[in-house]
Amino acid sequence: MPDTLWIFGYGSLIWNPGFAHGAMRIARLDGYERSFCMRSIHHRGTVEAPGLVLALDEGSGGCEGVAFEVDGRIAEETLEYLRARELISAAYLEREVPVRLQDGPMVQAVTYVIDRDHGQYCGGLPLEEQAQIIARAVGGRGPNRDYLVNTARHLAELGLRDPDLDWLSARVGALAGVSVQPG
């Protein structure tokens, strides 16, 4: 059993990890990009009217997010929790990846990336189409727009601006007739 388990969060894990952890550190994962490339049929949409959630999609850039340090004594229960949450429809693949912590060292971290062969994969949707879907979708955990805004807001609070999420927040707010600026 390792002394420490690292978990890399890039979306809702940033603002709703749901597991006990020690340090939270800004981190970067190269070779993957944060993207609304997964249709959500459980948490932020339904089978009949899917929403969109973020996933890590392979790409030439990188993704800045948060690395959570988990005590090795609770590593297995943490992974069980994350698997129940993240692998609900098998559209994500669990991966151990190298991430660079903001202060320099590399660590191996568990994260969840999109399975491009899964039926829920929808990479490459234009931003306007994403906004239209997010503005109307609602799932078991509430409106899709809340997921978007919470993620954009928490990234901004961490100094990790994501221009696409900021644009989507403003556009979804306009479509819904509410102010949903990430801050």
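Key figures for this structure:
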quantity: Exposure of residue 42 as accessible area (Å², to 10), given a probe of 1.4 Å and all protein chains; calculated: 80 Å²
quantity: Calculated diffusion of the stretch 1-73, Stokes-Einstein form, Kirkwood radius summed over Cα pairs, 20 °C and 1.002 mPa s, µm²/s; calculated: 158 µm²/s
quantity: Per residue value of the accessible surface for the stretch 1-130 (all protein chains in place, 1.4 Å probe), Å²; calculated: 47 Å²
quantity: Binned Cα-Cα distances of the stretch 19-112, short to long, each 10 Å bin given as a whole percent; calculated: 15, 42, 34, 8, 0
quantity: Virtual spin-label span in nm between residue 102 and residue 115, 7 Å along Cα→Cβ; calculated: 3.4 nm
quantity: Calculated log₁₀ intensity ratio I(q)/I(0) where the Debye formula runs over C-alpha points of the stretch 62-124, q = 0.24 Å⁻¹; calculated: -1.13
quantity: The chain, Cα convex hull volume normalised per residue, Å³; calculated: 109 Å³
quantity: Portion, in percent, of the accessible area of the stretch 1-147 that falls on carbon or sulfur, probe 1.4 Å; calculated: 48 percent
quantity: The stretch 1-72: GluC sites (Glu not before Pro) in DSSP loop, at most 14 other beta carbons within 10 Å; calculated: 48
quantity: Accessible heavy-atom area order of 30, 117, 166, highest first, probe of 1.4 Å; calculated: 117, 30, 166
quantity: Local electrostatic count at residue 61 - Lys and Arg +1, Asp and Glu -1, tallied over other residues with Cβ under 9 Å; calculated: -2
quantity: Efficiency of FRET from Cβ geometry, residue 128 and residue 25, R₀ 41 Å, rounded to 0.05; calculated: 0.75
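The values are calculated or read from the model by the stated rules, or taken from the named source; none is laboratory data. Given the structure is predicted, the values throughout are model-derived calculations rather than measurements. We place every Cβ from the backbone using ideal geometry, glycine too, and count neighbours over all the protein chains shown. Please note that ligands, DNA and RNA were not included when accessible areas were found on the heavy atoms of the full protein model with its side chains. Shrake-Rupley method; radii C 1.70, N 1.55, O 1.52, S 1.80 Å.
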